[in-house]
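Read through the structure below, which is laid out as structure tokens, and then see the notes.
The values are calculated or read from the model by the stated rules, or taken from the named source; none is laboratory data. Predicted, not measured: the structure shown is a model, and the values here were computed from it. Glycine gets a Cβ as well: all are built from the backbone with ideal geometry, and neighbour counts include every protein chain shown. In case anyone asks, the SASA skips ligands and DNA or RNA and just uses the protein heavy atoms, side chains included. Shrake-Rupley method; radii C 1.70, N 1.55, O 1.52, S 1.80 Å.
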Amino acid sequence: MILQHSTTRLAASLVCCALLSACGEQKAATESDPLVTIDPNPFPSAYTAPETVPTLIQNVTVLDGVGGKIESGMVLMQDGKITAIGSDLQAPEGATVIDGQGKWVTPGIIDVHSHLGVYPTPETNSHSDGNEMTNPVTAQVWAEHSIWPQDPGFSRALAGGVTTLQILPGSANLVGGRAVTVKNMPHRTVQEMKYPGAPYGMKMACGENPKRVYGAKGGPGTRMGNVAGYRQSWADAQDYLRKWERYEAEHKAGKNPKPPKRDLKLDTLAGVLKGEILVHMHCYRADDMGTMLDVMDEFDYQITSFHHAVESYKIADLLAEKNICSSMWADWWGFKMEAYDGIKENIPMVHAAGACAIVHSDSDLGIQRLNQEAAKAWADGRRVGLDISQADAWQWLSANPAKALGIFDKTGSLEVGKQADLVLWSQDPFSTYAQAELVYIDGANVYDRNDPDSWPVADFEVGQVGEGDSK
Amino acid sequence: MKNWLTIMTASALSLAVHAKDVAIVGATVHTMGPQGSLENATVVMRDGKILSVGQQAAPAGAEIIDASGKVVTPGLMGAYTSLGLVEVGLSAGTVDATVDATPLTTAGAALDVQYAINPDSSLIAVSRIEGVTSAATGLSRTQQLFNGQGALISLGDDASPVLKPRAFVRLAVDNDGADSNGGSRVALWGLLEQAFAEASDPAVGRLTATSEWHGWTTKADVKVIKQLLNGDIPLLIEAKRAADIRQVLALKARHPGLDITLLEATEGWRVAQALAAADIAVILDPERNLPYAFDQLGATLHNAARLHAAGVDVAIGMNTHNIRLAKQHAGNAVANGLPWEAGLAALTRVPARIYGVDDQLGTLEAGKRADVVIWSGDPLEVTHNAEQVFINGQAMSMESRQTRLRDRYLKLANGAGAATSHYVRP
């Protein structure tokens, strides 16, 4: 459903330093300065997969995350990958065998909407790094430069079965900046968490927040002001792209063109127009989303997912047609006007219309029990005749989020060859009482509920009240 | 199920006309009272009260509701909300749950929410159809020492929702309380003791509307504070770190008349024995397991279970728009060690006791108000739901603005044939 963008496009050539040769000296027509290009990946992932042992989980109910369910199933993980899934597998020599009688295995949960690290706990002003509220368009800022890897929230999310998450800037701005996808493996630096090969996201926001924040600060102060702001940004980005294309064409033609002035804001916006960066747009109301469908067509880009999308149920058919996911809560509503029409059947109604439904958190508490959010939506749908299987509903938690993050070729389902990101649940995870017992990332057991000594502890928690306690 | 609900609605209508007895039969009934849990039991309601609970046959002529395979509990009580005082909190007009500076009060105690409750708020029906039949409702912000006097309200569909006015006063002694009172606990506790000293002055009993008064508190405040000292109004104290909770215990020792319940008590598990000994109950959100500030570093999902194990009464339910999720919160406390019965008690019996209305609410016992819910199964389980809610013996409509919106758009998706969405009647 979501276009996969080739990651090789992100791995383009490095910047050539033009400073030394750009001092206005005249060159012969045949002699060009080196081509100036932009490094698309100046903060590369330094993630290294943990050590693994071959592991066979047997005797479990398996939801493969793409609609399949296996009773008395087995999953084999080797070298970080899922190497077999079925009901009659042999454990290789030396493998760890886990018997999960009565337990369930699912893909690891992927949250497309988190502010862990950028709005960490403790919630001090010193840590409040999620909204660059200095201009309505701040496409030049990158969430990863705000992430504090010592946020205790990461380990809480892990205990809830979250293996991958996208961390976004906040929603104060029309364009908030770049979002980043990370493995839920906090380390010393953010680069060591970054999901290798994941494309960037870009956060945008509809509606009340930008107009509230900028209404008294020079605008936009209305929804129409918001839309003018998006359109001008895209128009500027188109212009910027054309300048670079002209520069590259002239360079190729052997002329010695002057490279356009580098603009970090327009770099990101242009990345969207080139299809390399995925748009994640905070948008509650159906009419706000409807407007954005046309803005998207006008400037020829794709909105990957609307976030919060409280009124997606009103326009689910239009969203299906345009291939746009809706990332939703199960039942949050009413805290502001644009959330007033929230209903509990939003998620199943979007799914039933054939559109892409995602359960997201936007919360350091909600992220700890996204399985329960899906369970509520699933049950609420069934009560109004939207009979969706649990196996299908799990797409809301893993496969669809992976598609929306451009990493479904790597994770998001239990399929042979994919990264072994999975959760062993104590029971049917569509239950309040289910808990993640074992969590695996890249085939390594990174959380074991029954082994307190193994639980992750953030630096912030060391030497404090409750260190190492069951959280 | 749909047929069953239709029958329910029909019986509700006949109930209104004939005031017939209503008997719910066949369910697993969790009375939350001395009778405990009963299989295949009968709950009889008459004139808004519970007539009987037990395994006897329904009285002759009663309207029979077959709830075989279902679960019946007392209606849930929202333990701490601002229901009826807020429709939409942000940028959406008047919010009665927050109060700006007013000459009435310097200490915040004189503010009384009973005049501001709106029973037509959409939040009431949204909460009601999920089994919440009553709630404590109070102010969310005053920027003063006390957060006013809250009320206990019914979530029924009648025009007079207040079951008990002046049901509690709230005080915060955590970081938030300090921030609103001089920016420091040093100022906060000094103010509090001064307020209590003023309320203890014999002159308070003789105050008239125009007599002289030179206290820091206003005349309207000090009368309420005096009632707190006498234990006539329960005092909810929001405290998170263990040190603050110990200060609350010391406060109780200095002023034994105070009827104290703790809010949040994030590190209550560290002081659990002392809280049990002082008979101080706790209202909490068991899911808050992160160190949001330096006064809650010991936050854990196990707080409710540990408090309960020490003998502290735990109530669960701190929310307004989504107080309906209190049952999920309780379920998560159960998943983290709280016994299931205590999880349900946290939504029913315990809050009724905290607010001093346990003679009327919180359990299914003969003579009590007939706030009763029929559930599809375990109410703490996220996949189960309230199928029929009775308040004061009346079967409630199971519709809300949300179900109406849902039905409108389900109809539209199924080809309603209407010209535009505005013409689709849900």
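Tabulated results
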item: Compactness index (Cα Rg / 2.2 N^0.38 Å), the range B:106-164; result: 1.21
item: Accessible surface, per residue, of the range B:76-361 when the full set of protein chains is kept, probe 1.4 Å, Å²; result: 33 Å²
item: For chain B, calculated [θ]222 nm from helices alone, where every DSSP H run of n ≥ 4 adds -39500 (n - 2.57); result: -8000 deg cm²/dmol
item: Structure-based [θ]222 nm, chain A - -39500 (n - 2.57) summed over DSSP H runs of at least 4, per residue, nearest 500; result: -6500 deg cm²/dmol
item: The range B:76-361: antiparallel DSSP beta bridges as a percent of all, rounded to 5; result: 30 percent
item: Lys/Arg +1, Asp/Glu -1 at C-beta; chain A dipole; positive extreme among A:GLY275, A:GLY161, A:TYR433; result: A:GLY275
item: Sequence of A:SER305, A:SER128 when ordered by accessible area, the most exposed leading, probe 1.4 angstrom; result: A:SER128, A:SER305
item: Computed magnitude of the charge dipole of chain B (debye, nearest 20; Cβ of K, R +1, Cβ of D, E -1); result: 360 debye
item: Cα centroid of the range A:410-468 to Cα centroid of the range B:187-258, whole Å; result: 48 Å
item: Size of electric dipole in the protein assembly as shown: Cβ of Lys, Arg +1 and of Asp, Glu -1, about Cα centre, debye, nearest 20; result: 1360 debye
item: Heavy atoms of A:GLU245: accessible area, 1.4 Å probe, square angstrom to 10; result: 100 Å²
item: Flagged links, alpha-carbon separation over 24 Å, of A:LYS344/B:LYS70; A:LYS183/A:LYS203; B:LYS226/B:LYS252; A:LYS69/B:LYS327; A:LYS322/B:LYS411; result: A:LYS69/B:LYS327
item: For the range B:304-353 and the range A:52-81, distance of Cα centres in Å; result: 35 Å
item: Within the range A:22-131, trypsin sites (Lys or Arg not before Pro) in DSSP loop having at most 15 other beta-carbon neighbours inside 10 Å; result: A:LYS27
item: Low-density loop positions, trypsin sites (Lys or Arg not before Pro), the range A:383-451 - DSSP coil, at most 16 other Cβ in 10 Å; result: A:ARG449
item: Förster radius 22 Å - calculated FRET efficiency between B:ASN118 and B:ARG141, Cβ distance, rounded to 0.05; result: 0.75
item: Set of the range B:353-382 residues, backbone N closer than 20 Å to the point 7 Å along the Cα-Cβ line of B:SER68; result: B:374-378
item: Counted charge near A:LEU365, where neighbours are those whose Cβ lies closer than 13 Å (Asp, Glu -1; Lys, Arg +1); result: -3
item: Top of B:ASP244, B:ASP179, B:ASP100 by mean-square fluctuation, Gaussian network on chain B, Cα under 10 Å; result: B:ASP100
item: Label point distance in nm, A:ASP409-A:ASP294, each placed 7 Å from Cα along Cα→Cβ; result: 3.6 nm
item: With DNA, RNA and ligands ignored, accessible area of B:HIS255 (1.4 Å probe; Å², nearest 10); result: 40 Å²
item: Net length gained if the chain between A:GLN232 and A:GLU321 were fully extended (0.36 nm per residue, minus Cα distance); result: 29.4 nm
item: Around A:LEU116: net Lys/Arg minus Asp/Glu count, Cβ-Cβ under 11 Å; result: -3
item: Positive minus negative residues near A:ARG212 (Lys, Arg vs Asp, Glu; Cβ under 15 Å); result: +2
item: Simple label model, 7 Å out from Cα along Cβ direction - A:HIS187 to A:VAL465, nm; result: 3.4 nm
item: Cα-centred dipole magnitude for chain A, charges only on beta-carbon of K, R (+1) and D, E (-1), debye, nearest 20; result: 1260 debye
item: Virtual spin-label span in nm between A:LYS69 and B:VAL186, 7 Å along Cα→Cβ; result: 6.3 nm
